[in-house]
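Remarks on the structure that follows.
The values are calculated or read from the model by the stated rules, or taken from the named source; none is laboratory data. If you're wondering where the values come from, they're calculated on a predicted model, not measured in any experiment. As a convention, Cβ positions derive from the backbone with ideal geometry for all residues, glycine included, and neighbour counts pool all protein chains shown.
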Amino acid sequence: MTRAVVVDDHPVFRKGLAALLRASEVDVVGEAGSGLEALAVVAETQPDVVLMDVSMPDLDGIAATEQLTARHPDVRVVVITQLEDESTVSRMLRAGASAYVTKQSSPEQILAAVAAAAGGALWLGPGVPRPLGGGGAPSAPTIPPPLSGLTARESSIADLVGRGLTNPVISERLGLSTKTVANYVSIIMLKVGAADRQELARTIRSLRG
């Protein structure tokens, strides 16, 4: 059973989200109302997934996600927020989030995001923009260290993109949905700093010979 912590500074929404998860057999092992509280709760409970709001007191969701993923690399962060601008999406993904959905999403979409993140996949909910290139925080480097920040799954997909394979072909080869592959490619582009797929493929080929 997936273990989750719910982080949101609005108690009514937080309790409602926790109830939704419990009704879907997700074990909610903790709740937090701020970023700082979230770090303490995660350290204590060691969940599989953290559902993270962005706008919160003390420590916002972006900073909290950066610290959380650095301290607990096996914990997956699902962003659930009112914000759906490309800048916020980009910054949360750079901070280490695995999934991003809005609070307007259906219960099914939220649960799908949690399941995808818990299973090691990346997930961008309906209507969430896919960031391109170096659209992250101003302090972030335009091009991260070459491919060093990719997970094993991202690395395998990057190799296939470098070979010129399309998303449907990659999907069939790896047993993933086409949407999941597209999400992975978007995240890889963000991490590598590629403006488009063609640049990503060229970068991968040049770095890996």
Scanning segment 141-174 for residues that are small (Gly, Ala, Ser), more than 19 Å from Arg202 (Cβ to Cβ) and at pLDDT below 90 gives Ala152
Checking Pro11, Pro47, Pro107 in turn, the sole residue that is more than 15 Å from the chain's Cα centre (by Cα) and buried (at least 16 other Cβ atoms within 10 Å of the Cβ) turns out to be Pro47
Kindly evaluate Val78 against the criterion of being surrounded by 24 or more Cβ atoms within 10 Å (Cβ to Cβ), modelled with pLDDT of 95 or more and touching a strand residue (DSSP E or B) at 6+ places or on another chain (Cβ under 9 Å). yes
Answer yes if at least one residue in segment 4-17 is in contact (Cβ under 8 Å) with a residue 24 or more places away in the chain, at positive phi and either out of contact with any Ser or Thr (no Cβ under 7 Å at 6 or more places or on another chain) or in a loop (DSSP other than H, G, I, E, B) (or both), and no otherwise. no
Taking segment 18-45 and the residues there that are touching a strand residue (DSSP E or B) at 6+ places or on another chain (Cβ under 7 Å) and not in a helix (DSSP H, G or I), the one that is modelled with the lowest pLDDT would be Val26
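Regarding Ala64, is this residue more than 16 Å from Ala118 (Cα to Cα) and not acidic (Asp, Glu)?
Numbers: more than 16 Å from Ala118 (Cα to Cα): yes; not acidic (Asp, Glu): yes.
So Ala64 passes the test.
Just give me the residues in segment 79-116 being among the small types (Gly, Ala, Ser) and within 17 Å of Ile62 (Cβ to Cβ), in sequence order.
Kept after step one, since they are among the small types (Gly, Ala, Ser), are these residues of segment 79-116: 87, 90, 95-99, 105-106, 112-113, 115-116.
Matches in segment 79-116: Ser87, Ser90, Ala95, Gly96, Ala97, Ser98, Ala99.
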Out of all the residues in segment 188-197, is one or more at pLDDT below 80, in contact with a Lys or Arg (Cβ under 6 Å, 6 or more places away or on another chain), of a type outside the set (D, E, K, R) and over 30 Å from Lys15 (Cβ atoms)?
no
Taking segment 119-140 and keeping residues modelled with pLDDT of 80 or more and out of contact with any strand residue (DSSP E or B) (no Cβ under 8 Å at 6 or more places or on another chain) leaves Gly119, Pro129
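Taking the residues in segment 117-129 that are buried (at least 17 other Cβ atoms within 10 Å of the Cβ) and either of a type in the set (S, T, N, Q) or in contact with a helix residue (DSSP H, G or I) (Cβ under 7 Å, 6 or more places away or on another chain) (or both) as candidates, determine which candidate is farthest from Leu176 (Cα to Cα). Spell out how you get there, then give the answer.
Taking segment 117-129 and keeping what is buried (at least 17 other Cβ atoms within 10 Å of the Cβ), we get 117-118, 121-125, 128.
Cutting the leftovers down to either of a type in the set (S, T, N, Q) or in contact with a helix residue (DSSP H, G or I) (Cβ under 7 Å, 6 or more places away or on another chain) (or both) gives us 121-125, 128.
Values: Ala121: 9, Leu122: 11, Trp123: 12, Leu124: 15, Gly125: 16, Val128: 20 Å.
If we take residues in segment 117-129 being buried (at least 17 other Cβ atoms within 10 Å of the Cβ) and either of a type in the set (S, T, N, Q) or in contact with a helix residue (DSSP H, G or I) (Cβ under 7 Å, 6 or more places away or on another chain) (or both), then Val128 is farthest from Leu176 (Cα to Cα).
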